[in-house]
Amino acid sequence: MTRFSAFALVKNALTGQKGWEAQWPDSQPKQEYDVVIVGAGGHGLGAAYYLAKEHGITNVAVVEKGWLGGGNTGRNTTIIRSNYLYDESARLYDHALDLWEGLSQELNYNVMFSRRGVLMLAHNVHDVQSFQRHVHANRLNGVDNKWLTPWEAKQFCPILNIDQDARYPVLGAALQRRAGTARHDAVAWGYARGAAARGVDIIQNCPVTAIRRDASGRVAGVETGRGFIRAKKVAVSAAGHTSVVMDSAGVRLPLESFPLQALVSEPVKPCMPCVVMSNAVHAYMSQSDKGELVIGSGTDQYTSYSQRGGLPLIEHTLAAICEIFPTVTRMRMLRKWGGTVDVTPDRSAILGKTPVPGLYVNCGWGTGGFKATPGAAHVLAWTVAKDEPHPINAPFTLERFTSGRLIDEAAAAAVAH
Ligand SMILES: Cc1cc2nc3c(=O)[nH]c(=O)nc-3n(C[C@H](O)[C@H](O)[C@H](O)COP(=O)(O)OP(=O)(O)OC[C@H]3O[C@@H](n4cnc5c(N)ncnc54)[C@H](O)[C@@H]3O)c2cc1C
C-alpha cells in the first residue's frame, strides 16, 4: 500500500493523480475467521487494527450492515476531551487522548486532530460547584483542566456572551487545553486502511442477523445477510444496535437507544477558535475546517432507532446557541442529521467480556464515544486477544449493574459529549 508522503503527493500531482490505489479492498466473507467484529465504526475498525498490529491476529473480519463509518462515527460533532470526573473514566479517556496525539503518524493518515481546547460553561451555582470539582479531580489524576472566570473565558473565545443578565449567564468555565476535535470520517478510513493493509477483511453491506452459540454455549459465529460465518471469537461494537445483536446470543444489556442530533451552519470565516459546551442547556458549538459552525444537541426524550430526532430539541438548542453567541443569530443552517446512541444507566461504557465464552462487547458510549475511539479500540483488542481485560477497561464490566459498582458519570456531568 502506498505510503502518504510529500514525495507521493508531488509525484501524483505531476502524473495526473493516477497513482493512488483503493484505500482498502471490498472483501467477500470467508467461511471462518479467528475473530469477527460486528460494526465498522471507529471502535470496531480500530480494534481490528490493533488486533493485527499489536497482537498479530490478522485472520479477522469486520462485518458492517451498511457502509464503513456510516454509523455514529460519521455523524458526531467530534469533541475530544478527557476531563471526566471518576478515576476509571479519566484513565480510559486520557489513554485515548494520548493515542489521538500520535494517531495521524501511527496510521500514516491525516485524522486532523486539532488541540484547540474545550471550554465547558457554568451557568448556575450547581455548574460552578460541579466543574470546580472536576478541575480538582482531574488534576489529581494528572488530567489538565483549569477554572476560568467569565472574562478569562471570553478572552479564550471572543464571541462568547458573558452579559450577566443573559438568559444563560456565564458564571465561569472549565477549560481543558489539551482537548479538541478530529476529522471523524478520516478516523474510520485511517483505521480501515491500516487494518486492511495487515490482512483484515472489511465486509460492507452485510448485516449480522444473529450470533450463534454451540452446544457448550460458546460463541460459534454470526448469521449474516450473506450466510453464516464461523468465528472463534466475536466482538460486538454496534453502538445503538448493540442490544439487538447481543440479545440474539441470549445476553441482555442495560441499554436504551436514543436519537441524538447535530447540525451545521453555512460556512463562514474563522470566528470560533475552540469548542464550547453548555451542558446545562445541552448546546455546544465548534467550527469545522471548512468554516461551518458545528452545533450539537441533547438526546431525544423518547427511545427510537430512527436516526433522526425531533424538531423541539433543535429549536431549543438553537435558541440557546443564539443566547450564548449572539453574533450567530442571523446565520442560516445548512443541514441537520441524527444518530442512534446507546445509553447505559450510569452513562459509562460496557467494554469487555460477556457471560458467553468467546463473546465480547464494546457499547454504551452514548453521546460521547468518539473521543474514546483509539483508547477503547486499543483495550478491546487486548481483551479479545488475551481473553482478559486490560487494566484500563477492567472496571467497565457488565457486572457493575448487578454489583452496584457504577461509574456514575451521569450524576457527575449530566452530559457526556
Ligand atoms: C449527533 C451525534 C453527536 C455526537 N457527538 C460526539 C462528540 O462530540 N464527541 C464524542 O466523543 N462522541 C460524540 N458522539 C458519540 C459518538 O459518535 C459515538 O459514541 C461513537 O462514534 C461510537 O462509535 P462506534 O464505532 O462504537 O459506533 P458506530 O460508528 O455507530 O459504529 C457501529 C456500526 O455498527 C453497525 N451495525 C449496527 N448493527 C449491525 C449489525 N446487525 N450488523 C452489522 N453491522 C451493524 C452500524 O451500521 C455502524 O456502522 C455523537 C453521536 C452523535 C449521533
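Odds and ends about this structure:
- Over segment 97-186, relative contact order from alpha-carbon pairs under 8 Å, at least 6 apart, %: 44
- Subset of Lys269/Lys336; Lys18/Lys371; Lys53/Lys353; Lys232/Lys371; Lys30/Lys53; Lys11/Lys371 violating a 28 Å alpha-carbon distance limit: Lys18/Lys371; Lys232/Lys371; Lys11/Lys371
- If you bin all the Cα-Cα distances of segment 315-417 at 5 Å, starting from zero, the percentages per bin are 2, 11, 17, 18, 15, 11, 7, 7, 6, 4, 1, 0.
- In units of the compact-protein estimate 2.2 N^0.38 Å, segment 84-148 shows a Cα radius of gyration of 1.33.
- Dimensionless Rg/Rh of segment 120-205 - Kirkwood Rh, Rg from C-alpha atoms: 1.24
- Of Pro326, Gly102, Ile159, farthest towards positive along the dipole that unit charges on Lys, Arg, Asp, Glu beta carbons give the chain: Gly102
- In whole angstrom, the chain maps to an equivalent ellipsoid with semi-axes of 35, 26, 19, each derived as √(5λ) from the alpha carbon gyration tensor and ordered largest first.
- For segment 333-379: relative contact order, % (alpha-carbon pairs under 8 angstrom, 6 or more apart): 35
- Computed from Cα atoms alone, the Kirkwood hydrodynamic radius reported for segment 28-159 is 17.8 Å.
- Sorting Thr340, Thr397 from the fewest to the most surrounding beta carbons within 10 angstrom yields Thr397, Thr340.
- Across the chain, C-alpha contacts under 8 Å between residues 6 or more apart give a mean separation that, scaled by the residue count, equals a relative contact order of 22 percent.
- Distance between segment 311-364 and segment 260-278 - C-alpha centres, whole angstrom: 15
- Among Cys363, Cys271, Cys322, the ranking by other beta carbons within 10 Å of each residue's beta carbon, starting with the fewest, stands as Cys271, Cys322, Cys363.
- Per-q log10 I(q)/I(0), segment 202-299, q = 0.23 Å⁻¹ (Debye; single scatterer per alpha-carbon; no solvent): -1.13
- Reduced Cα scattering model of segment 128-257, Debye log10 I(q)/I(0), q = 0.19, 0.20, 0.22 Å⁻¹: -1.08, -1.15, -1.27
- Helix axis angle, 311-324 relative to the chain longest principal axis, alpha carbon, degrees: 50
- Between Leu311 and Lys18, the modelled labels are 5.3 nm apart [label points 7 Å from Cα along Cα→Cβ].
Bear in mind that the values in this text are calculations on the coordinates, not laboratory data. These numbers were taken from a predicted model, which means no experiment stands behind them. A quick note on method: Cβ atoms are made from the backbone with ideal geometry, for glycine too, and the neighbour counts reach across all protein chains shown.
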